[in-house]
Each structure stands twice: as C-alpha cells, then as structure tokens.
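Chemist: Shown below is the structure under consideration.
The values are calculated or read from the model by the stated rules, or taken from the named source; none is laboratory data. Everything numeric in this text was worked out from a predicted model, so none of it was measured. Note that we place each Cβ from the backbone using ideal geometry, even for glycine, and neighbour counts take in every protein chain shown.
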Amino acid sequence: MPFDVHVLGTASARPTGSRSVSGSIVKCADGTVVVDAGEGFQERYAAQRKHLKSKEKGVTLKPSSIDVLAFTHGHLDHTWGALPWLQSMDLEHRQQPLLILGPTSSEVLNALLEGTPVPEDTPPAELARQWRAWFELGGQYLGFPVRWVLGDCESDQWIELDPTTFKAVRLDEMPQPLGWKHCSLRSVPTTHSVPSCAWMVSKGSSKGAFDRKRAGALDLSADERTQLATGQDITMVDGTNLHASSFRLPDLPATSVMISGDTASMARGFTPELAPTLLVHEATFLEEQQDKAEEHLHSTAKGAVRSARHLRAGFLALTHYSNRIKSSDQPLEEALQEANGLPVVALADGDRMLVTETGEVTHLVRNVDGWHEASIAPNR
C-alpha cells in the first residue's frame, strides 16, 4: 500500500469532547511522516498504535519508522505536543535520525543567517521563536540525531539551525528524509496569518510488474521467466514467439498525498500541476461564516472543494472543524453541493485514508472493532 494516512485530530484551535487538535501521519513505501503535532499528540499516537496492534493484524506505526516531523505552521494547536513527544522518544532510547521541517518568513530566515535578532514584530507563532524556546527546554539535549530545518517556502530557501548556538547555515535545497528512494517530500506555500505550507508526499510512476500468473499458465521454465522478466523476447520449441512486453503488467501511475494545515481556500501555492491523488484539507467554517473564514484566512467546506478542484485532486478529505460545527455531516453536506463529481469525505479522529498503487482511495472509519470502509456519499 503506497500510502496509509492516519488523521489523529480534526479539531480547529482547541479540542472538543470528540475531537483532538491537529496531528496526522503519512506512512509511505520508504517510511513515515508526521504532519503537525498539537497538544497531546503522543497520547493519540500511542492509542492509534495500540488499536492497530489489537484490531488490524500486520499494520503498524513503529516509532522507529518515523523519519520526518513536518509542521504546516507555528500555531500551538499544531505544535504544542511536539517537544514532549520528542523527549519521550529520547527516553525510549531512539537512535534513528529525525528530520524536522517547518515554514518561516524571508525576514526571519535572513535575520537568522545574519546572526541578528529575530525582528520584534515577529508573531509568537513563528516557528523560529518556538524552536529557540524548545532548545532551552531540552530540545538541544535529545540523544538522537535531529536536523532542525526552516524554509521560506515562497522562495524555496532553506536553513538548518544549530540547537546549541542557534546559528543558521544556508542549505542548497530542502533536505529529503534519510534513506528515501521511492518517495519524496515537498512543501507547498499556503495562505494564512503566519508563514504556512502544505506538505506533499509523492511516489513516482513505476514500471508494471512481471506477469507471473501468465508465465505460470504457460508452464515456463525458470530461465524462460528470467529472460522475459529482463526484457528479452524468447522463441519456444514449437516456434512460438513470446514478447517480453506482453508479460508486463500495466505501469503504475504516480500517486501523492497532500495535507494542507490552516489556509484560506485557493492558497497561493496550489497549482494544477500538483494534482494530488488525495488532498486532506481544512474545513474550519461553514458557508454562513464565510466572512470569518476570510478574516482569519481559513477555509469553508465549499472553499476546500474549490481548492481541490483547482489542484486537480483526485479525492478530498475534510478536517479541522470549528467547535461551532457539531457534526462533520454539516461540512460534508455543504462540500457535496459544490463537488460536481469530486469524491469527498469528512474525517473523524482516528480515521485512515488508504491510497493504492493504482491511485484508488479508501476511507476507513475508526470504531471499537477496528476500522470499517465507509461508503462515499453521492454528489449532488
């Protein structure tokens, strides 16, 4: 399975009785990315792991497989659970390197490179401010290798911070997770009140696998199978020509998952060429609060649909609901009025989204017995 996405919080700004704040996990062919880690993240992560272990044989979320912690922005409902979780991994004797990424402004980036103070008007939610505090609270003493990388996503400029000196070094490009070979990670600028971005995990297209079933039906020898699998045509004893190309299953398309974080709809970096297979997008407000969405640079459910259609996304999953929204049926209902054929679901805490090698998307709803596949509501 190319992607298994776990959404561990669907609340906006503060938790409710049934929703926690932001924190998502994208498990791909090469490893695992955590996108945001709001208050209580490590407890939610542990609960999801335990539920998988008891209800879903063969599916795991091992801490050792986590390669990246990627922040969409610095608001506390997206970051406040990160340092305790990092310290817990240290107590558990983690050894694997961890890449930590986040967006910043060009002004802050340049100040850090020049060794001058962060501008006084920089908001508290600026990640550079938070990370400096985290370093002083123990982040610099973590016992496993950590790279702290900030980027101006608009200009694609990146720096790495030294947690002991707070000095910055310019990087040629945003680093990729260590050891990744099949997948890649990319930031996409979004539109919010502080520097922000979406994170996109992509797996490139690949050549179709060898058709073992057809080879088996023809009772081919091991040598004949090897020849065909390596692209060599063969001639059988009876004169029949077998072409290697006919023993190759269809090529697999590129697939990708994008998680938006907080953003106004039609974010500045959302371009049609991105075309994510799955878009997980905030739907903080209903249409009756469009004015609030515009004021606070958030999105409505219909705005999320407009973003998805502009991006040429194949599937849209809504999350990040205001506490005014009592049921996720409300944003889903509004989104379906705008969807016009686009598959849309509304997520709840603990839900999973699966993306297959062929680009098919499945919504799995968490319940006491594990997860069950949800039906996709018909579009209006």
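Chemist: Given the conditions (1) aliphatic (A, V, I, L, M); (2) free of Cβ contacts under 8 Å to residues at least 40 places away in the same chain; (3) in a loop (DSSP other than H, G, I, E, B); (4) under 20 Å from G102 (Cα atoms), which single one is not true for A275?
Modeler: So the condition that A275 fails would be (4).
Chemist: If I ask for residues that are in a helix (DSSP H, G or I) and either of a type in the set (K, R) or in contact with a strand residue (DSSP E or B) (Cβ under 7 Å, 6 or more places away or on another chain) (or both), which ones from segment 83-109 would you list? Show your work before the answer.
Modeler: Pass one, segment 83-109, residues in a helix (DSSP H, G or I): 83-91, 106-109.
Answer for segment 83-109, where residues must be in a helix (DSSP H, G or I) and either of a type in the set (K, R) or in contact with a strand residue (DSSP E or B) (Cβ under 7 Å, 6 or more places away or on another chain) (or both): W85, S106, L109.
Chemist: Give the number of residues within segment 147-162 that are in contact with a strand residue (DSSP E or B) (Cβ under 6 Å, 6 or more places away or on another chain) and not in a strand (DSSP E or B). I'd like the intermediate steps shown before the answer.
Modeler: Let us first name the residues in segment 147-162 that are in contact with a strand residue (DSSP E or B) (Cβ under 6 Å, 6 or more places away or on another chain), namely 147-151, 153-154, 158-161.
If we keep only those that are not in a strand (DSSP E or B) as well, we get 153-154.
Matching residues across segment 147-162 total 2.
Chemist: Further question on the same structure: In segment 115-144, how many are surrounded by 14 or more Cβ atoms within 10 Å (Cβ to Cβ), part of a helix (DSSP H, G or I) and either among the aliphatic types (A, V, I, L, M) or not assigned by TED's automatic domain parsing to the domain that holds D162 (or both)?
Modeler: 2
Chemist: Pick out, from segment 1-64, the strands (runs of 3 or more DSSP E) lying fully within it that include 3 or more residues that are farther than 24 Å from L332 by Cβ.
Modeler: 32-37
Chemist: Given (1) aliphatic (A, V, I, L, M); (2) buried (at least 16 other Cβ atoms within 10 Å of the Cβ); (3) touching a residue at least 24 places away in the same chain (Cβ under 8 Å); (4) assigned to a loop (DSSP other than H, G, I, E, B), identify the lone condition not met by L112.
Modeler: In the conditions (1) aliphatic (A, V, I, L, M); (2) buried (at least 16 other Cβ atoms within 10 Å of the Cβ); (3) touching a residue at least 24 places away in the same chain (Cβ under 8 Å); (4) assigned to a loop (DSSP other than H, G, I, E, B), L112 misses (4) alone.
Chemist: When you go through (1) in contact (Cβ under 8 Å) with a residue 24 or more places away in the chain; (2) at negative phi; (3) surrounded by fewer than 16 Cβ atoms within 10 Å (Cβ to Cβ) one by one for H93, which number turns out not to apply?
Modeler: Answer for H93: the failing condition is (2).
Chemist: What are the residues in segment 278-306 that are buried (at least 24 other Cβ atoms within 10 Å of the Cβ), assigned to a helix (DSSP H, G or I) and of a type outside the set (V, I, T), if any?
Modeler: The answer is A301, G303, A304.
Chemist: Just checking, does segment 217-233 include any residue being part of a strand (DSSP E or B), crowded, with 16+ Cβ neighbours inside 10 Å and modelled with pLDDT of 90 or more?
Modeler: no
Chemist: Evaluate the following for L69: is it part of a strand (DSSP E or B) and touching a residue at least 24 places away in the same chain (Cβ under 8 Å)?
Modeler: Considered against the rule, which asks whether it is part of a strand (DSSP E or B) and touching a residue at least 24 places away in the same chain (Cβ under 8 Å), L69 comes out as yes.
Chemist: Turning to a different aspect of this structure: Identify the single condition in (1) touching a Phe, Trp or Tyr at 6+ places or on another chain (Cβ under 9 Å); (2) of a type in the set (S, T, Y); (3) closer than 23 Å to E360 by Cα that T271 does not satisfy, given that it satisfies every other one.
Modeler: (1)
Chemist: Restricting to segment 190-217, name every residue that is of a type in the set (A, V, I, L, M) and touching a residue at least 12 places away in the same chain (Cβ under 8 Å).
Modeler: Step one: of segment 190-217, the residues of a type in the set (A, V, I, L, M) are 194, 198, 200-201, 209, 215, 217.
V194, A198, M200, V201, A209, A215 - these are the residues of segment 190-217 that are of a type in the set (A, V, I, L, M) and touching a residue at least 12 places away in the same chain (Cβ under 8 Å).
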